[in-house]
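Working notes, beginning with the structure itself.
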Amino acid sequence: MANALSNRVDVAVRLPSSPLHGAFFVVYSSSNESQLVSDFWDTTIEARLDVSRSAVLCRSRELVKRLRGTSGEYGRGVVQELASAALFRDSHGDFARAFQLVASAITRLIIGAPLDFSAQIRGVDRYDALRPVRRAIWAFVRDPRGGLPSTSLLGDSEWHPQLLAALRLLFVRLSDYGLKPVEKLGRIVTKADLPHTPLGLTKDTLHHGRRIRIDTVHQAKGESLDAVLYLANTQQASALIEGATTELGRIGYVAVTRARDLFWLGVPETGIKKLREPLKRLGLQPWLPPVNQTTLPPM
């Protein structure tokens, strides 16, 4: 495939050692990007490739942010802050940022809280009396079961009810320090704009403690990776087919040539009718589930 893109005649020094190795295209829709990432990672693990040396690559920084779960587009008001906090905690292990967001949200839910109360909570060196409050909020942030819920839960039907229940328990603790929540908490902590999908990829992106790397193609330039999923739109996939003669084509070429053993090209379902045969001529095969693969795929 790389030879076809660059008009070269290089010879591989290794042969595929698994039916799961090779170059494939996979059709996806805008509503199942996360599922595609999960399927790719499952395949990487099943192929016994190094998950720490594999990646999902994208051309767009916005797509990278959305897949990482840091777009902040879920929920409204305080719920958006709390959803972002959960995503920073689960997708990036950034507990400090998660705490800042939760402290800000809690401040908005406290009756009569001063405007700088969130800063006071974070600055306990100057506000020693708030140290117990800080501890209670840290406990809330760190506990995905009894506190800030896990982003592996469905946003509207699982994550939201658990969040509301956890907030009510948190305010029971905070009431010991004279902090009371606003009336009708449930109306403010609304499930509006929460998806009926997991908020993040937490459950699907962890394997023995390792996280999926989701990055731009540019950030992976010069690297050698075991497995790569290049998540492209129709224009980017078309440019890849045309070869490394344009900027988009060269970006696609870089993505392809990062992979040592497994390469997936994610192609939108809206463009596959036009692109299917050109992709096959280029050397990519349609991905089939492993149960249907009994021999090495033709390359």
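The values are calculated or read from the model by the stated rules, or taken from the named source; none is laboratory data. All values reported here derive from a predicted model rather than from experimental measurement. With ideal geometry, Cβ positions are generated from the backbone for all residues, glycine too; neighbour counts draw on all protein chains shown. The protein model used for the area step is the full one, side chains on, heavy atoms only, and it has no ligands, DNA or RNA in it. Shrake-Rupley method; radii C 1.70, N 1.55, O 1.52, S 1.80 Å.
Some values worked out for this structure:
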{"item": "Residues that are assigned to a helix (DSSP H, G or I) and either under 21 Å from Arg89 (Cβ atoms) or of a type in the set (Phe, Trp, Tyr) (or both), drawn from segment 104-132", "result": "Ser104, Ala105, Ile106, Thr107, Arg108, Phe117, Ser118, Ala119, Ile121, Arg122"}
{"item": "Verdict on Glu269 being closer than 20 Å to Tyr28 by Cα and surrounded by fewer than 24 Cβ atoms within 10 Å (Cβ to Cβ)", "result": "yes"}
{"item": "Residues that are among the acidic types (Asp, Glu) and modelled with pLDDT of 85 or more, drawn from segment 43-62", "result": "Glu46, Asp50"}
{"item": "Considering residues of segment 133-170 that are assigned to a loop (DSSP other than H, G, I, E, B) and under 19 Å from the mean Cα position of the chain (by Cα) only, the residue surrounded by the most Cβ atoms within 10 Å (Cβ to Cβ)", "result": "Leu148"}
{"item": "Lone unmet requirement of (1) within 20 Å of Leu87 (Cα to Cα); (2) among the aromatic types (Phe, Trp, Tyr); (3) not in a helix (DSSP H, G or I) for Tyr230", "result": "(1)"}
{"item": "Residue in segment 11-29 that is within 18 Å of the chain's Cα centre (by Cα), over 17 Å from Gln285 (Cα atoms) and modelled with pLDDT under 85 present", "result": "no"}
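Let's see how each residue does on (1) out of contact with any helix residue (DSSP H, G or I) (no Cβ under 8 Å at 6 or more places or on another chain); (2) acidic (Asp, Glu); (3) open to solvent by 30 Å² or more (accessible area, probe 1.4 Å):
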{"residue": "Glu33", "(1), (2), (3)": "no, yes, no"}
{"residue": "Asp39", "(1), (2), (3)": "yes, yes, yes"}
{"residue": "Arg68", "(1), (2), (3)": "no, no, yes"}
{"residue": "Phe95", "(1), (2), (3)": "no, no, yes"}
{"residue": "Gln100", "(1), (2), (3)": "no, no, yes"}
{"residue": "Asp116", "(1), (2), (3)": "yes, yes, yes"}
{"residue": "Tyr127", "(1), (2), (3)": "no, no, yes"}
